[in-house]
Amino acid sequence: MPELPEVETVKRGISPHLIGCHLRGAVVRHRQLRLPLDQNLGEKLKGRKVCGVERRAKYLLIGVEGGTLLVHLGMSGSLRLEKESDPVRKHDHVDILLPRGKVLRYHDPRRFGLVRWLTTAPGKHRLLRHLGPEPLEKEFSADTLFSASRKRKAAVKSFVMDSKVVVGVGNIYASEALFRAGIRPTTPAGKVSKPRYETLTTQIKEVLQESIERGGTTLRDFRGAGGELGYFVQSLDVYGRTGEGCRCCGATIKTANIAQRSTFWCPRCQR
DNA sequence: AGTGCGGCCTGTCCGC
DNA sequence: TGCGGACAGGCCGCAC
């Protein structure tokens with residue numbers, strides 16, 4: 001479900017409700033996520049104060065005195081601020097108990113996500129250690145993209161989705177950024193020129209930034225922390241538009257699988 | 001070393 | 001209406 005703009009939307013939604021709070025504990029209803037959940041999570045969190053909420057790639061890092069709560073939403077996860085008395089739905093696997101009867105509720109039907117309590121530096125965790133640059137930071141530039149791409153034969157679309165190259169570019173925004181840059185997604189990464197990587201870098205930053213400003217993309221079930229929809233779906237140019245006309249030239253949008261992920265492009269605008 | 005594939009899970013939608 | 005199969009926003013670990 002969530003790509004970087006959706007995770008950023010959740011982060012912005014939950015931050016003001018968490019920072020400064022003393023946690024009352026946690027309720028764990030289903031332990032088996034991508035990594036098994038700590039049975040004693042509640043005991044470990046009890047009484048601790050939340051000092052900050054950060055995002056690294058698609059991971060949320062809830063900074064708590066004495067540790068970090070690492071959360072990933074996988075493909076179908078969501079985090080919502082609710083009241084403890086709100087009915088528990090199927091797949092509400094974890095509640096983080098906040099003051100005054102409020103809870104942060106983790107819901108994930110497919111269970112590809114994770115919730116982990118870390119007491120060491122999160123950046124050194126094996127899941128975060130090898131991550132590439134943040135796309136919206138200065139260190140992600142055409143230079144880094146171009147030099148990393150030399151001699152790489154994989155499709156440029158797979159290349160920009162490689163988290164060692166740059167994080168946070170998922171299946172939707174990879175297709176969208178390549179459309180905006182006029183680059184065909186099947187082109188081998190090593191054959192894309194420097195000027196085209198300049199354009200692609202700019203477009204990756206822009207498409208992610210615009211989506212964050214519209215609250216992310218709701219395709220079927222994405223919601224912000226308060227349950228609100230993401231409106232970027234209205235701005236998608238190619239993703240999910242197979243057989244429809246290109247908004248730019250009118251040609252029919254095509255789709256194919258690249259490395260087992262559906263990929264969308266305009267055969268006329270993207271060469 | 002880079003690449004592609006299988007697998008983790010449930011829900012939904014489509015064609016028959 | 002029911003049923004099987006394909007597919008879904010992520011990403012790790014493995015074999016080649």
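The values are calculated or read from the model by the stated rules, or taken from the named source; none is laboratory data. Computed from a prediction, not measured in an experiment: that's the story for all the values here. For neighbour counting, all protein chains shown are included, and Cβ atoms are generated from backbone atoms with ideal geometry for every residue, glycine included.
For the range A:116-125, does any single residue satisfy the condition of being under 20 Å from A:His30 (Cα atoms) and within 16 Å of DNA strand C (Cβ to nearest atom)?
First, pick out the residues of the range A:116-125 that are under 20 Å from A:His30 (Cα atoms): A:116-118.
With within 16 Å of DNA strand C (Cβ to nearest atom) added as a condition, the list becomes A:116, A:118.
Yes, the range A:116-125 contains a residue that is under 20 Å from A:His30 (Cα atoms) and within 16 Å of DNA strand C (Cβ to nearest atom).
For the range A:259-271, indicate whether the set of residues that are crowded, with 19+ Cβ neighbours inside 10 Å, within 15 Å of DNA strand B (Cβ to nearest atom) and within 17 Å of A:Val156 (Cβ to Cβ) is non-empty.
yes
Taking the condition in contact (Cβ under 8 Å) with a residue 24 or more places away in the chain and either assigned to a helix (DSSP H, G or I) or touching a Leu at 6+ places or on another chain (Cβ under 7 Å) (or both), does A:Leu131 pass?
On the way: in contact (Cβ under 8 Å) with a residue 24 or more places away in the chain: yes; either assigned to a helix (DSSP H, G or I) or touching a Leu at 6+ places or on another chain (Cβ under 7 Å) (or both): no.
No: the conditions fail for A:Leu131.
Can you tell me which condition A:Asp221 does not meet? The list is (1) at pLDDT below 95; (2) acidic (Asp, Glu); (3) crowded, with 19+ Cβ neighbours inside 10 Å, and all the others hold.
Here A:Asp221 clears every test but (3).
Taking the options A:Gly240, A:Gly132, name whichever one is under 15 Å from the mean Cα position of the chain (by Cα), among the small types (Gly, Ala, Ser) and either on the phi > 0 side of the Ramachandran plot or crowded, with 16+ Cβ neighbours inside 10 Å (or both). Outline the logic, then answer.
Details: A:Gly240 fails: under 15 Å from the mean Cα position of the chain (by Cα).
Within the list A:Gly240, A:Gly132, the selection yields A:Gly132.
Which of the residues spanning the range A:93-128 are in a helix (DSSP H, G or I) and within 16 Å of A:Glu54 (Cα to Cα)?
A:Pro122, A:Gly123, A:Lys124
Filter the range A:157-173 down to residues that are in contact (Cβ under 8 Å) with a residue 40 or more places away in the chain and assigned to a helix (DSSP H, G or I) and give me whichever is farthest from DNA strand B (Cβ to nearest atom). Even if it seems obvious, please write down each step before you answer.
First, the residues of the range A:157-173 that are in contact (Cβ under 8 Å) with a residue 40 or more places away in the chain: A:157-158, A:160-161, A:163, A:167-173.
Add one more test, that the residue is assigned to a helix (DSSP H, G or I), and what stays is A:157-158, A:160, A:171-173.
Working: A:Lys157: 10, A:Ser158: 5, A:Val160: 11, A:Asn171: 12, A:Ile172: 16, A:Tyr173: 19 Å.
It comes out as A:Tyr173.
Quick check, is A:Lys157 in contact with a strand residue (DSSP E or B) (Cβ under 6 Å, 6 or more places away or on another chain) and either at pLDDT 95 or above or acidic (Asp, Glu) (or both)?
Values: in contact with a strand residue (DSSP E or B) (Cβ under 6 Å, 6 or more places away or on another chain): yes; either at pLDDT 95 or above or acidic (Asp, Glu) (or both): yes.
The answer is yes for A:Lys157.
What single numbered condition from (1) crowded, with 19+ Cβ neighbours inside 10 Å; (2) under 25 Å from A:Asn257 (Cβ atoms) fails to hold for A:Asp162?
Status for A:Asp162: all satisfied but (1).
Filter the range A:202-233 down to residues that are within 10 Å of DNA strand C (Cβ to nearest atom) and in contact with a helix residue (DSSP H, G or I) (Cβ under 8 Å, 6 or more places away or on another chain) and give me whichever is nearest to A:Ser78 (Cα to Cα).
In this case the residue turns out to be A:Phe222.
Taking the condition of being within 16 Å of DNA strand B (Cβ to nearest atom) and within 27 Å of A:Val169 (Cα to Cα), how many residues in the range A:75-91 meet it?
Looking only at that region, the number is 5.
For the condition within 26 Å of A:Thr217 (Cα to Cα), more than 12 Å from DNA strand C (Cβ to nearest atom), assigned to a loop (DSSP other than H, G, I, E, B) and modelled with pLDDT under 95, what is the one hit in A:Lys151, A:Lys90? Give the steps one after another, and end with the answer.
Details: A:Lys151 fails: within 26 Å of A:Thr217 (Cα to Cα).
Result of the check over A:Lys151, A:Lys90: A:Lys90.
Within the range A:15-41, take every residue that is surrounded by 14 or more Cβ atoms within 10 Å (Cβ to Cβ) and basic (Lys, Arg) and give me the one that is farthest from DNA strand C (Cβ to nearest atom).
Filtering first and then ranking leaves A:Arg24.
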